[in-house]
1. Given only helices, namely DSSP H runs of n ≥ 4 each adding -39500 (n - 2.57), what is the per-residue ellipticity at 222 nm of the chain, to the nearest 500 deg cm²/dmol?
2. Within 10 Å of each residue's Cβ, count the other Cβ atoms and sort 17, 101 from fewest upward.
3. From the C-alpha coordinates alone, can you work out the Kirkwood hydrodynamic radius of region 48-125, in Å?
4. Give me the distance between the Cα centres of region 2-56 and region 84-104, rounded to whole Å.
5. Order by neighbour count: 66, 79, fewest other Cβ atoms within 10 Å first, most last.
6. Residue 15: which lysines have alpha carbons under 17 Å from its alpha carbon, excluding same-chain residues fewer than 8 sequence positions away?
7. Taking neighbour Cβ counts within 10 Å as the exposure measure, how do 19, 56 sort from fewest upward?
8. Quick check: residue separation of residue 14 and residue 26 times 0.36 nm, minus the Cα distance between them. What number comes out in nm?
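Where a number appears in this text, it was derived from the coordinates with a stated rule and is not lab data. Note that the coordinates shown come from a computational prediction; the quantities given were computed from them, not determined experimentally. Every residue, glycine among them, receives a Cβ derived from its backbone with ideal geometry; neighbour counts consider all protein chains shown.
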Amino acid sequence: MVYYLSRHHDERVSKFILLSPANVTHLTNSVSPQERAVVKHYVENGCGQKILPFELFGWLGGTADMAYQWLFGDTLNNMHVETERDFSQVQAVQHSGALLIGSLDRFTYGDPCGFLQNIKSCQQHSERARFQS
């Protein structure tokens, strides 16, 4: 959603809600070196549309191309715990929205309020965009 809204001011969207927006770095840290090698091997050998022989992150079935985007691309990696990371996609969103994260959400490394504040702080100079925690 953030990726799409950062590139399109879609008039059909008046507001948005993100439920537990993923910290992609946290997700990808759970992928083993062997699984990463399989993904790379499939994609580099023209088999990107092949279904993986394992579930990515232990729960997501899909193709090697899909996994490659998660593991090696930067398109989806736009929500971060660390303040020094790239928030350009979040900053480009012009829609108002809400981020909802549970107090025990593991994507936040135990600090859901800090995670939301970090994301919200990227919007402080935008007059049109507003994230609410």
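1. Helix contribution divided over all residues of the chain: -9500 deg cm²/dmol.
2. 17, 101
3. 14.5
4. 17
5. Ascending number of Cβ neighbours within 10 Å: 66, 79.
6. By straight Cα distance, residue 15 reaches 120.
7. 19, 56
8. Result: 1.3 nm gained on full extension.
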